[in-house]
Amino acid sequence: MAKSMMIVHTLEELFPARRLLDGPVGLVPTMGFLHAGHISLVQQAKSECKSVVVSIFVNPTQFGPNEDLASYPRNIERDLHLLEEAGVDIVWMPTPEVMYPAGYQTWVEVESLTRPLEGSMRPGHFRGVTTVVAKLFNATRPDRAYFGQKDAQQAAVIRQMARDLSYALEIVICPILREADGLAMSSRNTYLNPEQRQAAPVLYRSLLAARAAYEQGERSAEKLCQMVKDVLSTEPQAQLQYVSCADYNTLAELENVSGKALISMAVFVGKTRLIDNIVLG
Ligand code: AMP
C-alpha cells in the first residue's frame with residue numbers, strides 16, 4: 001500500500017516528519033493553484049528521489065505593493081488531491097506567521113543577476129524569492145530542489161544563491177509545460193477572460209518566430225527582439241512590457257548571439273502580466 005501523504009503547517013510538525021523520510025529527498029516549492037507544469041516537477045522529483053516534499057506558500061515578500069498578492073488564486077483542496085495522486089510524501093503549507101514571525105529581520109539577496117529583466121520591473125521581488133527559498137531549503141534540507149524554466153531568471157538566481165551560500169543540494173531545472181496552443185501553463189492564466197485566453201498564445205508564437213530566424217542564421221539580438229515585437233503587434237490585446245535577448249548564464253543583454261542565449265519577455269494581456277521565454281543555442 002502507498003504511504004499516506006502528511007500535511008504539515010508549523011515547523012514543529014515539519015521537522016519530525018522530515019526526519020522520518022528516506023533520502024534522497026526532493027523539494028518542489030510552489031505557490032499552489034497547481035497545474036500540470038507543477039506536477040511535472042513533482043514527477044521529475046519522484047523519478048530521482050526516494051521522498052518528495054512539496055511546499056505551498058504564497059510568499060507575500062515577493063509581491064510588490066501593486067501586484068496580485070490578495071487576488072492570487074488558491075484551491076488547496078484540489079492541490080492536495082493532485083499531490084496525493086502524484087505520490088508526494090509531505091506537503092508543507094506554512095502560514096505567513098510561520099515564515100515571517102513578528103520581529104523578522106533577515107534577508108537573502110543575490111546581486112547582479114537580479115538587476116535586469118524581472119528584477120528591473122519588480123523591485124524587491126527576487127529578495128523575497130531568495131529569502132523564502134533559502135528558508136524552505138533550511139527547513140526541509142532537500143538533496144535536490146526542482147524549479148521550472150518558465151521562471152528563467154528565478155532559476156538562474158536560485159542556482160547562484162545555492163552556490164554562493166554553499167547549500168549541499170542540487171538545483172534541477174525542468175522544461176516549460178505548455179497548453180496545446182503553446183501558452184505556457186501558469187496559475188495566473190486563470191485571470192484571463194475567454195478573448196484574452198485566445199490572444200495569449202501570441203507570446204509563444206513570437207518566441208517561435210525568433211527561434212526560426214535564429215535557426216536560419218540570424219544572430220543580431222536586436223533583430224531577434226524585433227521579430228518578437230512584430231508578431232506581438234499583430235495581437236491588439238497584447239502589450240509588451242519588455243523583450244530581452246541575453247546571455248543564458250549572466251543574463252547580460254547581447255548584441256550578437258554566439259553561445260547559449262535566453263529570449264525572455266513580459267507581456268500584459270489585459271491586466272494580467274504573463275512571462276515566457278525560449279533558449280537558443
Ligand atoms: P509557482 O507556483 O508559480 O511559484 O511555480 C512553482 C514552480 O513551478 C516554479 O519553479 C515554476 O517555475 C514552476 N512552473 C510554473 N509554471 C510552469 C510550467 N508551465 N512548466 C514548468 N514549470 C512551471
Residue count, segment 77-100 (criterion: open to solvent by 10 Å² or more (accessible area, probe 1.4 Å) and within 14 Å of His38 (Cα to Cα)): 8
When residues of segment 1-28 are filtered for being open to solvent by 30 Å² or more (accessible area, probe 1.4 Å) and part of a strand (DSSP E or B), how many remain? 2
Pair list, Cβ under 7 Å, 6 or more apart: segment 114-134 residue in contact (Cβ under 8 Å) with a residue 60 or more places away in the chain, other residue open to solvent by 30 Å² or more (accessible area, probe 1.4 Å) and part of a helix (DSSP H, G or I): Gly128/Thr61; Val129/Gln154; Thr131/Thr61; Val132/Thr61
Within segment 43-74, considering residues that are among the polar types (S, T, N, Q) and farther than 26 Å from Ala17 by Cβ, the one least open to solvent (accessible area, probe 1.4 Å): Ser71
Of the criteria (1) under 21 Å from Tyr146 (Cβ atoms); (2) in contact (Cβ under 8 Å) with a residue 24 or more places away in the chain; (3) surrounded by fewer than 21 Cβ atoms within 10 Å (Cβ to Cβ); (4) more than 9 Å from the ligand (Cβ to nearest atom), which one Ser40 fails: (4)
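Each row is one residue, and each column tells you yes or no for (1) more than 19 Å from Ala45 (Cβ to Cβ); (2) crowded, with 21+ Cβ neighbours inside 10 Å; (3) at pLDDT 95 or above; (4) out of contact with any Phe, Trp or Tyr (no Cβ under 7 Å at 6 or more places or on another chain).
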| position | (1), (2), (3), (4) |
| --- | --- |
| Glu111 | yes, no, yes, yes |
| Phe126 | yes, yes, yes, yes |
| Ala139 | no, no, yes, yes |
| Gly148 | no, yes, yes, yes |
| Asp151 | no, no, yes, yes |
| Gln160 | yes, no, yes, yes |
| Leu165 | yes, no, yes, yes |
| Leu177 | no, no, yes, yes |
| Met185 | no, no, yes, yes |
Near pairs, Cβ below 8 angstrom, 6+ apart or cross-chain, from segment 18-33 (within 15 Å of Val8 (Cβ to Cβ) and more than 16 Å from the ligand (Cβ to nearest atom)) to any residue that is β-branched (Val, Ile, Thr) and assigned to a helix (DSSP H, G or I): Arg18/Thr140; Val25/Thr140
Given the conditions (1) surrounded by 15 or more Cβ atoms within 10 Å (Cβ to Cβ); (2) part of a strand (DSSP E or B), every one holds for Gln239 apart from (1)
Please verify whether Arg197 is farther than 16 Å from Val267 by Cα, modelled with pLDDT of 95 or more, surrounded by 15 or more Cβ atoms within 10 Å (Cβ to Cβ) and not acidic (Asp, Glu), treating the condition exactly as stated. no
Pairs with Cβ under 9 Å, 6+ apart, first in segment 216-232 and farther than 16 Å from Ala252 by Cα, second assigned to a loop (DSSP other than H, G, I, E, B): Glu218/Val257; Met227/Glu218
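The values are calculated or read from the model by the stated rules, or taken from the named source; none is laboratory data. Since the model is a prediction, treat every value here as computed from it, not as a measurement. Every residue, glycine as well, gets a Cβ built from its backbone with ideal geometry; the counts of neighbours run over all protein chains shown. Accessible surface is based on the protein model in full, side chains and every heavy atom, while ligands, DNA and RNA are left aside. Shrake-Rupley method; radii C 1.70, N 1.55, O 1.52, S 1.80 Å.
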